[in-house]
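Inspection log for the structure reproduced underneath, given as structure tokens.
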Amino acid sequence: MQTKKRLENALVKLYNAFHNNRLNPEDCCACAVGNILDNHDSWKHLSDSHGSLKLSYVGRVHQNLGRKFNGYSPLEILKIEKLFLETCGFKTPLCHYNAKPQNPRDKEILFNGLCKVVAYLCKLDNVENVMDYSKIFEYENNDAVYKLESILV
């Protein structure tokens, strides 16, 4: 499978963040976008409300100038974050009185959020969803189309 460099970089960062417990939807440096953007929070100035798709003045300037942040436009960044937050159970834009999950750092919640983000990142780059395992269950004439080797010792 051929992937774009930005997609490959984003996937590696998200994978490492998830497995090293450095993924936190309530921290701008450690959320999906925070990890994609090297754990910096300067991206939060692209919008006035965390989880909103409405660009701030700064965000509009960057978008209109065609600026990219690790390969992603300001609007793409906001969409990634909104998708991640909402899939993790947050009502966006984030506000202290809006609904949020009881345990936002629960691995299953984070995994579900990452699945949606990865699907969106793949769609942006016109790549098949790398999280889609449905192909391994394809069959023809009652035989599996793809063969899997056991990784168990």
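Coordinate-derived values only; no laboratory data. This one's a predicted model, so the numbers in the text were calculated from it and none came from an experiment. Reconstructed Cβ throughout: ideal geometry from the backbone, glycine too, with neighbour counts over all protein chains shown.
The simple Förster model, with R0 at 25 Å and r as the Cβ-Cβ distance, assigns R67 and N9 a FRET efficiency of 0.90. The residue list P74, N141, F18 was ranked by how far each Cα lies along the charge dipole of the chain toward its positive end, using unit charges on Cβ atoms, and P74 comes out on top. For a straight C-alpha distance cut-off of 27 angstrom, the lysines reachable from K79 (same-chain residues fewer than eight places away being disregarded) are K4, K5, K13, K44, K54, K68, K91, K100, K107, K116, K123. By how many degrees, 0 to 90 and rounded to 10, does the Cα axis of helix 74-87 deviate from the longest principal axis of the chain? Taking the Cα atoms of the chain, the angle to 74-87 is about 70 degrees.
For Q102, neighbours were defined as the other residues whose beta-carbon sits under 13 Å from its Cβ, and their charges (Lys and Arg +1, Asp and Glu -1) total -1.
With contacts taken as Cα pairs under 8 Å at a separation of at least 6 residues, the chain carries a relative contact order of 18 percent. From helices alone, the chain scores -12000 deg cm²/dmol at 222 nm; the rule is -39500 (n - 2.57) for each run of n ≥ 4 DSSP H residues, then divide by the residue total. Sorting 105-111, 126-132, 49-55 by their mean Cβ neighbour count within 10 Å, with the most densely packed peptide first, gives 49-55, 105-111, 126-132. Remark on C29: its backbone amide H falls under 5 Å from none of the residues 5 or more positions apart or on other chains, H modelled at 1.01 Å from N. In plain terms, if you count all Cα to Cα distances in the range 5-144 and split them into 5 Å steps from zero, the share in each step is 2, 10, 19, 22, 19, 13, 7, 4, 3, 2, 1, 0 percent.
In degrees between 0 and 90, to the nearest 10, how far off the longest principal axis of the chain does helix 5-19 point, with axes built from Cα atoms? Approximately 90 degrees, to the nearest 10.
Calculate how steeply helix 107-124 sits against the longest principal axis of the alpha-carbon atoms of the chain, using the helix alpha-carbon long axis, and give the answer as 0 to 90 degrees to the nearest 10. Around 90 degrees separate the two axes.
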